[in-house]
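Everything below concerns the one structure shown next.
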Amino acid sequence: MVRLTFQREGTERRRDRVAMESFYYTAMQQAIQAPIDHVKKATALRQLKAKIVRLHSQENQRILLANGESDKIIGEEVSVHQYIKALRREKARTINRIRDEEGNIHTTSAAILPTFTDHMRRKYDEIPCSTNDTKKMLCCGIKELPPEAESILERPITIEELHQAVTAGKARKAPGCDGISSEFLQGTWEVIKHETNDIINTMYFEDTLTDTQKRGVIVCIPKTPHPISPNEYRPLTLLNTDYELLAILLSKRLRPWLNCILRGSQYCGRQGYTIFDAVATVRDVITHSNNTQSPLCIVTIDFQEAFDNISHTYLYATL
């Protein structure tokens, strides 16, 4: 009977903490009433007691993590302030009501999740682009990397490069599906540096990623105080650490050559330039027009969700 009790525990793990606690207390009562010898009964009760203590410890740790380390004094237990703050934060992060594309309101998790899933699929679905249109765009003077850049980009990634990418990771950032954070890589660097470097070079030179390396966790950040539709949330994808490290390494290797392939009107992403340079240029042009009494026309164009509306077919052809 006790063995069956622990086998059933696996099916109960997906329930909330209160249900798990009730499950353990019920198991303790069944163990006390079970017709087994006192030694086995005492062993089962000690195991169940340890599980209850561990459950409370995990709940306290979850509350402290939800509040942030700045709210916790060293050695302090969970206080009423931290518990209430954790409840409020969890309530603010929970989506209880959503409206789909047809105007229907959904209030259950079984209906809210498919609504977001359908929205994301439509939002990031492949954008059709004809071959002729792609060829025309590629003939608009897109520059290529110089030959000397190719030899540098084809070099194996060194441990020194990888270490710079690891130390560039910010602390207290949510990890992806792998659950590996920047703090873990930085704290265990001397132990895992060679294996991690082999993994990154395999990803870089074999030009292949496993399905798990491509996966990410989408977190929906509200754009408005009281969002009601999926469009009022900003999707943020939490990527795996090895994927992010490879992206950092590629960006660092490409950054010195961007000035060779980007136009002079491009400010963001170029070394020695920032988006504020573009603002300063517009300001100086307006000032010059006012001082010289010259006619001036300024057109401001803002492409809505510009990065989400680039055809992958054209993007791959450009690369």
| said: I need the full set of residues from the range 109-130 which are open to solvent by 90 Å² or more (accessible area, probe 1.4 Å), free of Cβ contacts under 8 Å to residues at least 40 places away in the same chain and not hydrophobic (A, V, I, L, M, F, W, C), in order please. | reply: S109, R121, R122, D125
| note | Within the range 162-198, the residues that are in a helix (DSSP H, G or I), touching a helix residue (DSSP H, G or I) at 6+ places or on another chain (Cβ under 6 Å) and either exposed (fewer than 11 other Cβ atoms within 10 Å of the Cβ) or β-branched (V, I, T) (or both) are V166
| Cross-chain or 6+ apart pairs with Cβ under 6 Å, the range 253-278 first and farther than 20 Å from I142 by Cβ, then surrounded by 14 or more Cβ atoms within 10 Å (Cβ to Cβ) | I275/Y267; D277/Y267; A278/Y267
| field | Condition check for L246: open to solvent by 50 Å² or more (accessible area, probe 1.4 Å) and not β-branched (V, I, T) | value | no
| message | I need a count of the residues in the range 149-161 that are part of a helix (DSSP H, G or I) and at pLDDT 90 or above. | response | 3
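Residue by residue, here is whether (1) over 20 Å from the mean Cα position of the chain (by Cα); (2) in a loop (DSSP other than H, G, I, E, B); (3) modelled with pLDDT under 85 holds:
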residue	(1), (2), (3)
S70	yes, no, yes
I73	yes, yes, yes
Y83	yes, no, yes
R89	no, no, yes
E102	yes, yes, no
M120	no, no, no
| remark: Expected output for the range 85-108 (first residue within 18 Å of H226 (Cβ to Cβ), partner of a type in the set (A, V, I, L, M) and open to solvent by 70 Å² or more (accessible area, probe 1.4 Å), Cβ below 9 Å, 6+ apart or cross-chain) is R97/I105; I98/I105; R99/I105
| note | Residues in the range 13-68 that are over 29 Å from the mean Cα position of the chain (by Cα) and modelled with pLDDT under 65 total 0
| Selection from the range 148-161 of residues that are open to solvent by 80 Å² or more (accessible area, probe 1.4 Å) and without any contact (Cβ under 8 Å) to a residue 24 or more places away in the chain | E148, E150, E154, R155, E160
| Could you say whether any residue in the range 235-243 is open to solvent by less than 50 Å² (accessible area, probe 1.4 Å), under 24 Å from A92 (Cα atoms) and in a strand (DSSP E or B)? | yes
| message | Give me the residue from the range 205-232 that is in contact with a Lys or Arg (Cβ under 7 Å, 6 or more places away or on another chain) and free of Cβ contacts under 8 Å to residues at least 60 places away in the same chain and, out of that set, least open to solvent (accessible area, probe 1.4 Å). | response | E232
| request: Kindly provide the set of residues from the range 282-318 that are closer than 30 Å to Y124 by Cα and loosely packed, with under 10 Cβ neighbours inside 10 Å, ordered by number. | output: V299, T300, I301, D302, F303, Q304, E305, A306, F307, Y316
| query | Of all residues in the range 270-304 being of a type in the set (S, T, Y) and under 25 Å from C260 (Cβ atoms), which is farthest from the chain's Cα centre (by Cα)? | reply | T281
| Is at least one residue of the range 259-281 farther than 27 Å from L236 by Cβ, surrounded by fewer than 11 Cβ atoms within 10 Å (Cβ to Cβ) and β-branched (V, I, T)? | no
| field | Looking only at the range 135-147, and only at residues there that are aliphatic (A, V, I, L, M) and part of a helix (DSSP H, G or I), the one that is most open to solvent (accessible area, probe 1.4 Å) | value | M137
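The values are calculated or read from the model by the stated rules, or taken from the named source; none is laboratory data. As the structure is a prediction and not an experimental result, all values here were calculated from the model. Cβ atoms come from the backbone with ideal geometry, glycine included; neighbour counts cover every protein chain shown. Just the protein is used for accessible areas: all its heavy atoms, side chains included, with ligands, DNA and RNA removed. Shrake-Rupley method; radii C 1.70, N 1.55, O 1.52, S 1.80 Å.
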